[in-house]
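Undergrad: This structure is in structure tokens; I'll ask about it shortly.
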Amino acid sequence: TAMRARGFLPRCDRRTMTLTGQAVGMLLIRSLERADRVYLAMRARGFDGRFRAGPDRPARPSDVAGLALLAAAGTLLVALDRLN
């Protein structure tokens, strides 16, 4: 998306393959660096590798109703977007 926003038109040539490879490589490097920053932030906050989950509780009728309402709203928004 960023490449297209800057006027890039993909073709089946060496330049396209080079630029695509560079973009994928940059995404991989950035994601690795971000994962490292997240890991260091978690360690700084005392994360020791174990997840402590709270007690499980069954879904209440209000939880199910809220989920149904959100799903209906999302479906309505998608339908309205498709009509325009």
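The values are calculated or read from the model by the stated rules, or taken from the named source; none is laboratory data. A quick note: this is a predicted structure, and the numbers were derived from the prediction, not measured. Please note: Cβ atoms are built from the backbone with ideal geometry, for glycine as well, and neighbour counts cover all protein chains shown. Heavy atoms of the whole protein, side chains included, go into the accessibility calculation; ligands, DNA and RNA do not. Shrake-Rupley method; radii C 1.70, N 1.55, O 1.52, S 1.80 Å.
Undergrad: Give me D for the stretch 1-48 in µm² s⁻¹, whole number, from Stokes-Einstein with Rh from the Kirkwood sum over alpha-carbon pairs, 37 °C and 0.692 mPa s.
TA: 253
Undergrad: Loop only per DSSP, at most 13 neighbouring Cβ atoms within 10 Å: give me the chymotrypsin sites (Phe, Trp or Tyr not before Pro) in the stretch 20-78, ordered by residue number.
TA: Numbers: sites: Tyr39, Phe47, Phe51; in loops: Phe47, Phe51.
When the chymotrypsin sites (Phe, Trp or Tyr not before Pro) of the stretch 20-78 are filtered for loop state and at most 13 Cβ neighbours within 10 Å, Phe47, Phe51 remain.
Undergrad: Beyond 21 Å, what percent of the Cα pairs of the chain remain? Before the final figure, lay out the partial values.
TA: Values: 2400 of 3486 pairs.
In whole percent, the share of Cα-Cα pairs in the chain beyond 21 Å is 69.
Undergrad: Roll a 1.4 Å probe over the protein chains and send me the accessible area per residue for the chain in Å². All intermediate terms of the calculation are to be shown ahead of the outcome.
TA: Values: 8140 Å² over 84 residues.
Spelled out: the 1.4 Å probe surface of the chain, per residue, equals 97 Å².
Undergrad: Which value, in debye to the nearest 20, gives the size of the charge dipole of the chain about its Cα centre, when Lys and Arg are +1 and Asp and Glu are -1 at the Cβ? Show your work: numbers first, answer last.
TA: Numbers: 15 positive and 7 negative charges, 65 e Å.
Computed charge dipole of the chain: roughly 320 debye.
Undergrad: A further question on this structure: When the accessible area of the chain is split by element with a 1.4 Å probe, what percent falls to carbon and sulfur? Provide the component values of the computation, followed by the final result.
TA: Working: 5190 of 8140 Å².
Here carbon and sulfur together make up 64 percent of the probe-accessible area.
Undergrad: Next up: Tell me the angle of helix 14-44 to the major Cα principal axis of the chain, expressed in degrees between 0 and 90 and rounded to the nearest ten.
TA: 40
Undergrad: Under 10 Å, Cα contacts only: if you run a Gaussian network model on the chain, which one of Leu69, Leu27, Leu19 comes out with the highest mean-square fluctuation?
TA: Ranking Leu69, Leu27, Leu19 by mean-square fluctuation puts Leu69 first.
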